Structures are given as C-alpha cells and as structure tokens.
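What follows is a short report on a single structure.
The values are calculated or read from the model by the stated rules, or taken from the named source; none is laboratory data. Computed from a prediction, not measured in an experiment: that's the story for all the values here. Cβ placement follows ideal geometry from the backbone for every residue including glycine, while neighbour counts extend to all protein chains displayed.
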Ligand SMILES: Nc1ncnc2c1ncn2[C@@H]1O[C@H](COP(=O)(O)OP(=O)(O)O)[C@@H](O)[C@H]1O
Ligand SMILES: [Mg+2]
C-alpha cells in the first residue's frame, strides 16, 4: 500500500503492522539462548501462525509479550507503541494466552471476566461476556468456582480473558493443544470469525494442516532464529516444491549409502515412503523419470508411487529437520 494511503487509513505515524518484533534476544540464566535476533512483522488484520519445533522459542517470545519473561535485548512495537516503555497501553490493547498459567481459583468465570475489564478501566460489557462464555463453551459453567473447571475449561477461560477487553491483537500459545477434534474445529472457526471482524490474531500451533487452511501469514522459528516469515501464499509459492514418493515393502529402510546415491534428489523418508525432490525454486529441477529411474535402479520396482505438491507440513519438516536418519 502507498505510504500516504497507510497514513490516511491508519493515521500518520501509525503503521500497517499490528506487531513488530525487532532483533529480540533472550538468554535464560542457565545460559540457554532461547531467542537470537528474532524479527518478525504481523500485519494488521492478519491471522498469523508462529510455527516451530518444540524448544524453538515460541513460548519465550509470547511470554515476553505477556510480561513474564524479560528479554536480553531487542524491542517489540504494538501498533507503533513500544511494548517495554508503554507497558500499560500495550496490555490494554493486547490479549495474551500463555502456554502455562497459574490460576486464581477463588472466582467464577463470569467474575473473572468482569474483573479483567475493571483492570483495564472498562465497564464490563455483559452482552460480550455472555457471547464469549457461549462461544468458548463455558456458559453452563459461568457461575461455578473455577476450581471446579477441568483443565480444558480453564484454558478456554484464559482465551475469554484475553478477548474480554476487545483488544485489537490477540496472542495465543497453542490454544487448541490437547483439545478433541470437534471442539478444536469450533475454536478455529471462532478465531477465524474474530479475525474476519478485524482482530489480528497471532498463534502458535502444531496443527499445520489447520494453520495452512486458516492462517494468512506464517513465521517459522527454529532454535531461536527466524527461518521464514511471509504470507502463507508466498511461503508455499516460493519454498514448496513437488516430490516423487515411492512405497516399498514394509521392512524397507533408507541407509546412509542410499542417501549418497540419491543425493541429487534430497531423499527423505515420510510416513514410511521414500520421497525424492523433483522441483523446488532453490534447486536444479529433476524430472519424474530421472528420479524414478534412480530409485528403481537402487531398490527395484516400488509397490506404489506418486507425485505430490509439498504442503505447509512438508515445508516445515524440510526447513526444521536436520537429521533424516534420526
Ligand atoms: N525458564 C527457563 N530457563 C531456562 N531455559 C528455558 C526456560 N524456558 C525455556 N527454556 C528453554 O528455552 C528454549 C525455548 O523454549 P520455549 O520458548 O518454551 O520453546 P517452544 O515454546 O517453542 O517449545 C528451550 O530450549 C527451553 O528448554
Ligand atoms: Mg511452547
């Protein structure tokens, strides 16, 4: 968008980003460097997936936003406001659901939600609170003591807490972890609905299929470093390629010497199948016949074979997996 249009729409001095993370570093006291110069930008109105293997640093980044972890260096801006010097403004304009949270067990869900509004100097909007309780499937538990809620209900109450003051940005650390398939689908639907009504959503998840379907932007971090950050379409267009898969007998396996023979096709095993890369922007293109012939020469005719386009999960595994033979 042209800069003058951005100014016109968002007011001068504002950006079209909800969140800018700049060169964020975090070393824990034990010397563990959990984040190394992480930078990413979350466009306003986007539905943004922050992905990474376990231990990548996702929760560290989110806990820094939640003000429970202090960064070593770097900065974060929320809608142009510095998160560390304008903490109160940022708390009012953001809802964060960390992965692990201590709970205050002495109130009912309804009381908790009313209190949070008070905390941010807002009059509780009871209609909105009812809607949140309804959509997060807590309505029938609204007046129970939170001690009586199951783990899953408490997590949903945390999501309600993050939304109750209607912040323009909501940050959720694995909101659907351990949730059964049906409820997970309803939660994703609700998040999409909120996003369509204008809330910017940043979330972490291990459900890559759902992230690919629902999120329009994505960042991948690994070992504390950003390894990709773009729109979902761009990532899939620029990084995803196609591959030939071949299935052999059940006890088939790929040995290191096989990998050498097939090296030009970057062989890997997925779901017990041999996968050979055919075309990818960063590699020399191989034809189906070249790959198929090479595999056949080495292992004989496969039981079954086919060509697939890489999806988000394939790209994610390829970018973050270091050892094929682990
Ligand atoms: N409080 C802590 N003290 C020391 N190391 C930590 C602490 N919290 C997290 N880590 C380490 O920092 C790295 C990133 O962790 P985390 O941010 O939880 O990753 P993710 O959420 O992506 O799984 C991991 O190696 C983890 O063991
Ligand atoms: Mg985590």
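The table below gives the values:
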read-out: Evaluation of residue 75 against (1) within 18 Å of residue 169 (Cβ to Cβ); (2) part of a strand (DSSP E or B); (3) within 11 Å of ligand 1 (Cβ to nearest atom) (one fails), failing number; value: (3)
read-out: Scan of the range 42-60 for residues that are more than 6 Å from ligand 1 (Cβ to nearest atom), closer than 16 Å to residue 218 by Cβ and more than 11 Å from the chain's Cα centre (by Cα), ordered by number; value: 42, 43, 45, 46
read-out: Condition broken by residue 99, with the remaining ones in (1) within 16 Å of ligand 2 (Cβ to nearest atom); (2) modelled with pLDDT of 95 or more satisfied; value: (2)
read-out: Every pair of residues 6+ apart whose Cβ atoms lie under 7 Å, when the first sits in the range 229-246 and is more than 23 Å from residue 289 (Cα to Cα) while the second is surrounded by fewer than 20 Cβ atoms within 10 Å (Cβ to Cβ); value: 231/216; 232/212; 232/216; 235/228; 238/281
read-out: Residue within the range 137-158 that is in the same structural domain as residue 203 (by TED's automatic domain parsing) and within 22 Å of residue 88 (Cβ to Cβ) present; value: yes
